[in-house]
Structures are given as structure tokens and as C-alpha cells.
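Scroll down for the structure; my scribbles are underneath it.
Read-outs: derived from the displayed coordinates by stated rules, not from any lab. Being a predicted model, the structure only gives us computed values, none of them experimental. Cβ placement follows ideal geometry from the backbone for every residue including glycine, while neighbour counts extend to all protein chains displayed.
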């Protein structure tokens, strides 16, 4: 299929967004960002767990949530904080936004018939 990159807006909520270029990873479940970007976006602390990489190695990752706007669609997506060279957009984000990669044009296309997917659009942790 080749390399596919897209620009999107990502952040802690829909008022605090930063433009980011993502490498689309159709083999990855979750969107992955480096710790420096998580800190810049001020994402809420997440839960720690393990995930398996394409080379079958197991690594520790932090799983949190972020608000994503991409090609006119928006929603809250799960995000892995891990050692990646650049932000990677995973399949769960594409599915949440009703999109897929067109392997011929190497562009994202909308596949669901509705204007905005039925997803949570704002996440704020409870006050301390």
C-alpha cells in the first residue's frame, strides 16, 4: 500500500488542539504518540499495560485518551504513549471516525453514512 500520512488536530479536549502529522498505521490497533507529545498536549495520565509490536516484542505502554479531529470528523480515541519516532494513527481511530485508507489513492475516505460517528466527544477527568 505504501506510506500514508495525514494531518489532524489532537489534544486533551476539543478546545485545546494541536496540529500533528500522523503516519497511518493500518496494522496498529491504537494511535501511538511519543511521551514528549503527550506532555505537550497535556493528556491525562493513563493506565500502564503491555502491547505486542509487529516484531513480536512486548513493550510497556501508557494508555490514555485524546480528542481527535480529522478530515471533518471528530471524536475521542485511545492513545498509547510509547517510544515511536513519529505519531502513528491506528485503526481504532479510523474506525471511530468512520474512515479507512484507500490503497490506490493513499488517502483517507469516509465509509460510514452519517455526518459524525456516535462517539464521546469530550472527556474530562472528575475533579479532585
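Selection of the range 23-47 for residues being over 13 Å from residue 82 (Cβ atoms), touching a residue at least 40 places away in the same chain (Cβ under 8 Å) and surrounded by 15 or more Cβ atoms within 10 Å (Cβ to Cβ) yields 23, 24.
Filtering 91, 76, 61 for residues that are more than 17 Å from residue 10 (Cα to Cα) and within 16 Å of the chain's Cα centre (by Cα) leaves a single hit, 61. Scanning the range 79-114 for residues being in a loop (DSSP other than H, G, I, E, B), touching a residue at least 40 places away in the same chain (Cβ under 8 Å) and under 29 Å from residue 48 (Cβ atoms) gives a total of 7.
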